[in-house]
Amino acid sequence: MRIGFTGTRRGMTERQRNTLSRLLADLNWFSFHHGGCEGADTQADAIAQTVHGKNRICIRPGDEEQYLYWLKRDRPNVFSPKPYLERNKRIAEGADILIAAPKSMKEEVRSGTWATVRYARKVGKPIVILDP
């Protein structure tokens, strides 16, 4: 199973981190795709590494380096940077399931996390939204 992940640069709540940890331990997955940004992506990456190590983690970076943490680390699976909306679509399209960690359960129009969720819905992907 390929898991796509999207979340806020503000980071996940403790509840979201704990839920993600349980999900990743319970699901049978072989790759975990995220955007490589500070915040929720950083936290999700660390959680995924504790489950399966960094070789199963794929980073799909956006094209604004100031938000990316992976540039400073040795990572085996890094895709070419793309504009954020395109990158988010690639994460959703390539996933068998999308896990989202928004800052609130209320959908926001100008939110990359919610835009990714809406796109995943549009292309028929199963979605798990982690309640903050």
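What follows draws every value from the coordinates through simple rules; no lab data is involved. Remember, it's a predicted structure, so these values are computed and weren't measured experimentally. In this analysis, Cβ positions are derived from the backbone assuming ideal geometry, glycine residues included, and neighbour counts consider all displayed protein chains.
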Partner lysines for Lys54 [C-alpha distance under 19 Å; skip if fewer than 8 residues away on the same chain]: Lys72
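When only C-alpha pairs under 8 Å and at least 6 residues apart count, what is the relative contact order of the range 18-69, in percent?
Computed over the range 18-69, the figure is 44 percent.
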Environment charge at Met12 (Cβ cut-off 14 Å; Lys +1, Arg +1, Asp -1, Glu -1): +1
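Out of all Cα-Cα pairs in the range 2-129, roughly what percent, to the nearest whole number, are more than 23 Å apart?
21
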Nitroxide proxy distance, nm - points 7 Å out along Cα→Cβ at Ala25 and Arg90: 3.3
Relative exposure of His52, His33, judged by other C-beta atoms within 10 Å (fewest first): His52, His33
Calculated [θ] (222 nm, deg cm²/dmol) that DSSP helices of n ≥ 4 give over the chain, each run adding -39,500 (n - 2.57): -11500 deg cm²/dmol
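If each residue's Cβ is checked for other Cβ atoms within 10 Å, how do Ser111, Ser80 rank with the fewest at the top?
Working: Ser111 17, Ser80 8.
Lowest to highest Cβ neighbour count: Ser80, Ser111.
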Straight-distance crosslink candidates among aspartates and glutamates, where the alpha carbon sits under 20 Å from Lys103 and sequence neighbours closer than 8 are dropped: Glu14, Glu38, Asp41, Asp45, Asp131
Spatially proximal lysines relative to Lys122 (Cα-Cα < 17 Å; intrachain offsets below 8 disregarded): Lys89
